[in-house]
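Below: the structure, in structure tokens.
The values are calculated or read from the model by the stated rules, or taken from the named source; none is laboratory data. For clarity, every value in this text was computed on a predicted model and none was experimentally measured. Note: ideal-geometry Cβ built from the backbone for every residue, glycine included; neighbour counts use all protein chains shown. SASA here: full protein model, heavy atoms, side chains in, ligands and nucleic acids out. Shrake-Rupley method; radii C 1.70, N 1.55, O 1.52, S 1.80 Å.
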Amino acid sequence: QWRIEDGVLVHGQDWDSQRLAFPETKIGDFRLDYRLRFDRIDPALRAGLVVGRGEGAWMIILQASGNVSWSFNVAGERSGMFRDGMTARFRAGEWSDVSVRAERGRLTVAVDGQTALVGPAAGGGALALQLRREMAADDVKLAYAAGAPAFANRQLNGSFEHATNPDVPDYWALPTTWTRMNKGLPLEALPE
């Protein structure tokens, strides 16, 4: 259901949304770069990326309105283990550079140079890019390490190796909240 128009990847008009799944199912560290264009600015227009990591997957959503959100969903569970986001600026009919990286056990997303730490990304799994109508992708490039095993521990700083006070879990948020705190993490683990 995909076609190329003027060198641009566009999904078929007969479908509301389409997934472009990469064939490798055990992608470890990776670097995915692509350009994304929304034909109009509407909160209903969303592009997605699914990053499989063993027992679950990260879902990264880019909305034309500028909301970029992510959550880690464990298979069979109703809600995400992590949930966070950032704000980007998309313009109707203009290309934006999107970059998603899994390196050194951490997943980051960048839109037009604005980078955010998504969360832990140890292990491996499949990748799939999802587009809806009235958007397009171009210059899709993926470089990756294959054959990565699944890894169960998803908590950054799980042994409290980084803390403002030694062995105090100040990075962990309260059990009833979705947010994570950055206190105690070294600068290289934080988003710009």
Residue list for region 105-124, filter: touching a residue at least 60 places away in the same chain (Cβ under 8 Å) and over 13 Å from the mean Cα position of the chain (by Cα): Gln114, Ala122, Gly123, Gly124
Considering region 68-92, residues that are of a type in the set (S, T, N, Q) and over 13 Å from the mean Cα position of the chain (by Cα), and then whichever is modelled with the highest pLDDT, we arrive at Thr87
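Go through region 47-76 and count every residue that is part of a loop (DSSP other than H, G, I, E, B), open to solvent by 10 Å² or more (accessible area, probe 1.4 Å) and without any contact (Cβ under 8 Å) to a residue 40 or more places away in the chain.
Number satisfying all stated conditions: 3.
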Filter region 21-46 down to residues that are under 21 Å from Ala126 (Cβ atoms), open to solvent by less than 60 Å² (accessible area, probe 1.4 Å) and touching a Ser or Thr at 6+ places or on another chain (Cβ under 9 Å), then give me how many there are. 4
Return yes when Phe38 is at pLDDT 90 or above and over 14 Å from the mean Cα position of the chain (by Cα) and no when it is not. yes
